[in-house]
Amino acid sequence: MIVTKEILKSGDAGVTQTMQLMRFYVLEYANNTQIKQIVNKLSVSGTCNAKMKTIKNIFNYVVDTIKYTPDPNNIELVKSAKHTILGNMKYGDCDDLSVALATLYKAISLIVVGIYAIVPN
């Protein structure tokens, strides 16, 4: 399983590093052909609430597809949508679910907010 080759730091530096990896993974896979095929299947058109229905379909897809599983003790793993949605790793913790959801939302051109971390000094 290749998730990240980096050992994540602890404390605030680790949070910042995790958020940077999450952002990278979202931007890296949002235009992936297979991701686009998934969002096309989940997309609704032709109604005034189409965008909201699509957003809900994507949310439900992530919740139904990826089983919440915490990372091993004292180890922070960050998985891309390539692993959690397209691969065989249909499990992950909150950051993995967030990356999967943000990737699918970005694939339908939603503005994804909250993938940045500002840690005060």
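Read the figures in this text as sums done on the coordinates, not as results from a lab. Given the structure is predicted, the values throughout are model-derived calculations rather than measurements. Don't worry about glycine lacking a Cβ; one is built from the backbone with ideal geometry, like all the others, and counts go over all protein chains shown.
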All but one of (1) in contact with a Lys or Arg (Cβ under 7 Å, 6 or more places away or on another chain); (2) in a helix (DSSP H, G or I); (3) of a type in the set (Val, Ile, Thr) hold for Val112; which doesn't? (2)
Among the residues of region 49-88, write down those that are more than 20 Å from Tyr25 (Cβ to Cβ) and among the charged types (D, E, K, R). Lys51, Lys53, Lys56, Asp64
Determine whether region 26-38 contains at least one residue that is loosely packed, with under 12 Cβ neighbours inside 10 Å, assigned to a helix (DSSP H, G or I) and β-branched (Val, Ile, Thr). yes
Given the conditions (1) over 22 Å from Ala107 (Cβ atoms); (2) small (Gly, Ala, Ser); (3) assigned to a loop (DSSP other than H, G, I, E, B), every one holds for Ala13 apart from (3)
Contact list please: Cβ distance under 6 Å, first residue in region 78-106 and free of Cβ contacts under 8 Å to residues at least 24 places away in the same chain, second residue in a helix (DSSP H, G or I), pairs at least six apart or on different chains. Thr84/Asp96; Thr84/Ala100
Within the group Thr69, Thr65, Thr54, which residue is surrounded by 16 or more Cβ atoms within 10 Å (Cβ to Cβ), in contact (Cβ under 8 Å) with a residue 12 or more places away in the chain and not aliphatic (A, V, I, L, M)? Thr54
Tally the residues that are crowded, with 18+ Cβ neighbours inside 10 Å and in a helix (DSSP H, G or I), restricting the search to region 83-109. 15
Residue under question is Ile75, and the condition is that it be free of Cβ contacts under 8 Å to residues at least 12 places away in the same chain, under 18 Å from Leu8 (Cβ atoms) and outside any helix (DSSP H, G or I); does it hold? yes
